[in-house]
Amino acid sequence: MRFTRQRQEETRLGITPLIDIVFLLLIFIVLTSRFNQAEEVPVSLPQLEGKFPSADSGRNRLVIDKQGRVYHKGNFVPREALPALIKSFVEGNPSFSLVLEADRDARYGTVVELMDIARRSGMGSIVIAAEWKAKREQ
């Protein structure tokens, strides 16, 4: 009697399902990743040569010094009084723009905090003052 042996097929790992899984993982990683390139890249901000129309002198300005203290018309304004002061600006003129003048060395967090107080107090527009460099003729 002769028994026929059945041939056993080689077990191989299919490459197609493996590629599908790799692509799905790649898509998942790309969609869930956050890219913070600004933290690692040194940035030099551009300087403007032109000039925007100057603000009229009737605008109220808030000045922030290096230590983060806020001044209005040369007088120190405590943080607790800022919302009431800004609300008084808005009540006089709803389309009023607040001008912030912050020292170059002032903390960024202080400026953002003041902008947040202004927004919560109803300020519609905030302008950040900057020093303009005159364009040199060549």
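Bear in mind that the values in this text are calculations on the coordinates, not laboratory data. Remember, predicted model here, so these are calculated numbers, not experimental data. All Cβ positions, even for glycine, are placed from backbone atoms using ideal geometry, and neighbour counts span all protein chains on display.
When the range 99-125 is filtered for residues that are part of a strand (DSSP E or B) and closer than 14 Å to Ile64 by Cα, the ones remaining, listed by number, are Val99, Leu100, Glu101, Ala102. The C-beta contact set for the range 64-75 (first residue at positive phi, second residue surrounded by 14 or more Cβ atoms within 10 Å (Cβ to Cβ) and part of a strand (DSSP E or B), distance under 6 angstrom, 6+ apart or interchain) is empty.
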